[in-house]
1. Among the small types (G, A, S), under 23 Å from A111 (Cβ atoms) and in contact with a Leu (Cβ under 9 Å, 6 or more places away or on another chain), is that true of A40?
2. Do we find a residue being of a type in the set (F, W, Y), away from the ligand (no atom under 16 Å from the Cβ), more than 22 Å from F186 (Cα to Cα) and modelled with pLDDT of 95 or more anywhere in the range 283-294?
3. Kindly provide the set of residues from the range 298-322 that are touching a residue at least 60 places away in the same chain (Cβ under 8 Å), more than 13 Å from the ligand (Cβ to nearest atom) and assigned to a helix (DSSP H, G or I), ordered by number.
4. Return the residues of the range 267-303 that are at positive phi and out of contact with any helix residue (DSSP H, G or I) (no Cβ under 9 Å at 6 or more places or on another chain); say none if nothing qualifies.
5. Please verify whether V336 is open to solvent by less than 20 Å² (accessible area, probe 1.4 Å), touching a helix residue (DSSP H, G or I) at 6+ places or on another chain (Cβ under 9 Å) and farther than 22 Å from S83 by Cβ, treating the condition exactly as stated.
6. Limited to the range 248-280, what total is found for residues that are under 20 Å from the mean Cα position of the chain (by Cα) and either over 22 Å from Q109 (Cβ atoms) or in a loop (DSSP other than H, G, I, E, B) (or both)?
7. Give the residue that is surrounded by the most Cβ atoms within 10 Å (Cβ to Cβ), with candidates limited to residues of the range 195-206 that are within 18 Å of F217 (Cβ to Cβ) and of a type in the set (G, A, S).
8. If you scan the range 297-329, which residues turn out to be open to solvent by less than 50 Å² (accessible area, probe 1.4 Å) and within 21 Å of V270 (Cα to Cα)?
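The values are calculated or read from the model by the stated rules, or taken from the named source; none is laboratory data. Keep in mind that this is a model prediction, so the values were computed, not measured. Cβ atoms come from the backbone with ideal geometry, glycine included; neighbour counts cover every protein chain shown. With ligands, DNA and RNA removed, areas are computed over all heavy atoms of the protein, side chains included. Shrake-Rupley method; radii C 1.70, N 1.55, O 1.52, S 1.80 Å.
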Amino acid sequence: MESTAHTLGVGICEGKKVLANARRLYKPPSGEGIIPRLAADHHAQKAPLVLEEALGTAGISLREVDLFAFSRGPGIGQCLRVSCATSKFLASKFKKPILGINHCHAHLQIAKGMLGFHDPLYVYVSGANTQIITEGEVAGKTGTLGRASAAGKANTSSHQRFFVLGETLDMGLGNLFDVFAREAKFAYPHGSEVARMASKGSYFPLPYTVKGMNFAFTGLLSAAVSEVGKRKTEDICHSLMETAFAELCEASERALCLTGKREVVACGGVAQNKRFCDMLSQMCQPHGAKFGVLPAEYNADNGAMIAYTALCEWKRGKREKMQGLSPNGYWRIDEVF
Ligand code: FE2
């Protein structure tokens, strides 16, 4: 089950096959962002319907589910509690195991698995998260990088973990487009509307901020908003998108050169943007790297990616006790072990 932000999703997987991927979206009131209490109410109300729909599509009953899983974080606290409470209830009722899955990890895992990639550089672009990530096997204690381990305990075995090579220094890429669209009074869904307008516009320079493999968007946002009403909206959208995507491409290329990876994956909600994927694909070509992106259904927030990742983690030997499984709204990808 997925419920980190505006999407309530229920996915059912068997091995690497997705049997169902049902979802409903909370739409904020016109001109506003997500209101946590209303989004959580929406998810709680729709949960039985989406669950029934997923079971119907998969052609199974709840009794046949072997493992329950939910998106434990990062995300909006009130929204996270819906999938956590529902999954815990179902796992208790049917006496089955349960896993709490990191939402960002799920985006990466399903992209790598479904594309058949082995060791990609991940360009993870969603509303709140924008990061350039690698993964690798490391020996030694867990929980020594950044903040304390989400698991709360250290161990000394070798383990797979993710490394954030570069990330936004302020806001996420999706939130950049979302905030701009609200300022420009666009209809929902904001990202699609900015993309539609951008396809008809021309370029003019806007602030561009890349520091090593990190990047920032607030100066770009302020400058774009200050142009509203002075220039053609299409031109502002076009320049905003081109500038933001170019920042990501420059930082990603630097990461690609540093790591020598041969595969690049775009994942997360903004990876549905065709122009962004075209730019990344062009960036990969001179380096002989293969570029891949999944269909939109699996890049938007969805339950299938949670189910898919839970099965991978289960096969890897991950086991969790239900009592300790509470939502973690600030769970970074580099705290996943
Ligand atoms: Fe997401």
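1. Details: among the small types (G, A, S): yes; under 23 Å from A111 (Cβ atoms): no; in contact with a Leu (Cβ under 9 Å, 6 or more places away or on another chain): yes.
So A40 fails the test.
2. The answer is yes, given that some residue of the range 283-294 is of a type in the set (F, W, Y), away from the ligand (no atom under 16 Å from the Cβ), more than 22 Å from F186 (Cα to Cα) and modelled with pLDDT of 95 or more.
3. A307, Y308, A310, L311, C312, E313, W314, M322
4. Of the residues in the range 267-303, the ones at positive phi are 268, 288.
Within the range 267-303, just G288 meets the criteria.
5. Numbers: open to solvent by less than 20 Å² (accessible area, probe 1.4 Å): yes; touching a helix residue (DSSP H, G or I) at 6+ places or on another chain (Cβ under 9 Å): yes; farther than 22 Å from S83 by Cβ: no.
No: the conditions fail for V336.
6. Here is the first cut: in the range 248-280, the ones under 20 Å from the mean Cα position of the chain (by Cα) are 248-249, 251-252, 255, 263-280.
Checking the rest, the ones that are also either over 22 Å from Q109 (Cβ atoms) or in a loop (DSSP other than H, G, I, E, B) (or both) come to 249, 251, 268, 273-275, 278-279.
So the answer is 8.
7. A198
8. Answer for the range 297-329, where residues must be open to solvent by less than 50 Å² (accessible area, probe 1.4 Å) and within 21 Å of V270 (Cα to Cα): Y298, N299, A300, D301, N302, G303, A304, M305, I306, Y308, T309, G329.
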